[in-house]
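The values are calculated or read from the model by the stated rules, or taken from the named source; none is laboratory data. Since we're looking at a predicted model, the values are computed, not measured. Positions of Cβ are generated from backbone atoms using ideal geometry, with glycine treated the same way; all protein chains shown enter the neighbour counts. Keep in mind that these areas ignore ligands, DNA and RNA; they rest on the heavy atoms of the full protein, side chains included. Shrake-Rupley method; radii C 1.70, N 1.55, O 1.52, S 1.80 Å.
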Amino acid sequence: MPRAQKTFNEIADHYRERILSGALEPGSRLPSSEELCGTWGVTTATINRALQALAVEQYIRVTPRGAFVADDQQWTLTPRDRLTWIQQAGTFLAAGETSIVLAAELTRPPLYVAELFDLDEGALVVRREWVAGRGSTRTAYAVTWYPATYLAVAPELLNTAPGLNHTITNKVLDATKRTITHARDDMHARNANAREANHLGVPVGSTIMAGAHRWSDEDGVIEYGEWCLPKLFTIGYEYRPTS
């Protein structure tokens with residue numbers, strides 16, 4: 001039987017994932033349109049639509065000499081991307097994104113955070129504050145929260161070692177024997193306050209994308225995070241509609 005033809009979205013997804021994983025490095029050249037047509041068994045029009053989609057999302061730049069992975073990539077990993085790496089027992093170092101932990105502390109939570117974790121009055125939480133980047137580009141400023149009870153089995157939550165931040169959720173899951181079965185992200189655009197602007201390297205009042213994620217299982221929220229991205233950054237989600 002002849003193989004089913006790929007859509008331009010499926011082709012774009014393939015190269016997007018290779019760029020995110022680091023398999024295609026900044027500046028590397030994609031195969032020519034003719035080569036891509038042969039590889040995928042599709043028309044030039046389909047390949048052009050796939051390349052246009054990647055160019056609009058700023059993953060690649062298209063020149064008369066061909067298509068190249070963008071050097072100054074204006075994209076960042078979403079909570080969904082980070083969760084995918086976690087579930088694959090990996091890290092997002094492969095995507096070229098690193099992070100610096102600004103603070104890891106035991107503190108009293110805001111009321112809404114205490115309610116999210118269903119904590120008793122006076123209970124403490126671990127608050128981790130960090131900045132992610134790719135090269136000299138700041139890609140995200142974030143704060144993640146965990147119940148203080150996790151410290152009994154995951155004392156690393158208070159560790160600010162450079163490489164640890166990428167694997168901290170895995171360590172929590174391994175230590176608590178819990179599994180993330182539900183994830184939700186909420187996002188909105190607003191202006192950056194002084195703290196956010198400082199950590200993202202943008203002027204105060206700049207437009208940013210702000211969001212929050214909740215990762216949970218049947219026993220409740222495991223990790224709650226708040227994050228913000230500079231303007232003009234692209235984030236994307238893949239999802240399947242239900243029938």
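Output the residue which, of all residues in the range 196-226 that are among the hydrophobic types (A, V, I, L, M, F, W, C) and open to solvent by less than 30 Å² (accessible area, probe 1.4 Å), is nearest to TYR146 (Cα to Cα).
Going through the qualifying residues, I end up with ILE222.
Of all the residues that make up the range 147-182, how many are surrounded by 15 or more Cβ atoms within 10 Å (Cβ to Cβ), over 16 Å from LEU102 (Cβ atoms) and either free of Cβ contacts under 8 Å to residues at least 60 places away in the same chain or among the basic types (Lys, Arg) (or both)?
12
Go through (1) open to solvent by 20 Å² or more (accessible area, probe 1.4 Å); (2) out of contact with any strand residue (DSSP E or B) (no Cβ under 7 Å at 6 or more places or on another chain); (3) modelled with pLDDT of 85 or more for ALA55 and report which single condition fails.
(2)
Got a number for residues in the range 166-223 being of a type outside the set (A, V, I, L, M), in a loop (DSSP other than H, G, I, E, B) and over 25 Å from GLU115 (Cα atoms)?
So the count comes out to 4.
When you go through (1) under 14 Å from TYR141 (Cβ atoms); (2) out of contact with any helix residue (DSSP H, G or I) (no Cβ under 7 Å at 6 or more places or on another chain); (3) among the polar types (S, T, N, Q) one by one for SER206, which number turns out not to apply?
Unmet for SER206, out of (1) under 14 Å from TYR141 (Cβ atoms); (2) out of contact with any helix residue (DSSP H, G or I) (no Cβ under 7 Å at 6 or more places or on another chain); (3) among the polar types (S, T, N, Q): (2).
Given the structure, is GLU105 farther than 25 Å from ASN191 by Cβ and open to solvent by 80 Å² or more (accessible area, probe 1.4 Å)?
Against the criterion (farther than 25 Å from ASN191 by Cβ and open to solvent by 80 Å² or more (accessible area, probe 1.4 Å)), GLU105 does not qualify.
Can you tell me how many residues within the range 15-70 are in a strand (DSSP E or B) and more than 19 Å from the chain's Cα centre (by Cα)?
7
Tally time: how many residues in the range 137-165 are assigned to a strand (DSSP E or B) and touching a Lys or Arg at 6+ places or on another chain (Cβ under 7 Å)?
Adding up the residues that qualify gives 3.
For ALA192, indicate whether it is open to solvent by less than 60 Å² (accessible area, probe 1.4 Å), of a type in the set (A, V, I, L, M) and within 15 Å of THR139 (Cβ to Cβ).
So ALA192 fits the description; yes.
Restricting the search to the range 121-140, which residues are modelled with pLDDT of 95 or more and farther than 18 Å from VAL172 by Cα?
ALA123
So is GLN73 within 22 Å of ARG16 (Cβ to Cβ), crowded, with 16+ Cβ neighbours inside 10 Å, modelled with pLDDT under 95 and over 12 Å from the mean Cα position of the chain (by Cα) or not?
Criteria met by GLN73.
Among the candidates PRO26, PRO2, PRO31, single out the residue that is surrounded by fewer than 16 Cβ atoms within 10 Å (Cβ to Cβ), out of contact with any Cys (no Cβ under 7 Å at 6 or more places or on another chain) and at pLDDT 90 or above.
Working: PRO26 fails: at pLDDT 90 or above; PRO2 fails: at pLDDT 90 or above.
The match here is PRO31.
Kindly check whether there is at least one residue in the range 94-113 that is at pLDDT below 90 and assigned to a helix (DSSP H, G or I).
Checking the range 94-113: at least one residue is at pLDDT below 90 and assigned to a helix (DSSP H, G or I).
Give the residue that is most open to solvent (accessible area, probe 1.4 Å), with candidates limited to residues of the range 132-146 that are of a type outside the set (S, T, N, Q) and farther than 19 Å from ASP185 by Cα. Please lay out each step first, then the result.
Applying the first criterion (of a type outside the set (S, T, N, Q)) to the range 132-146 yields 132-135, 138, 140-143, 145-146.
Narrowing the set further to residues that are farther than 19 Å from ASP185 by Cα leaves 133-135, 138.
Values: GLY133: 10, ARG134: 35, GLY135: 81, ARG138: 105 Å².
By that ranking, first place goes to ARG138.
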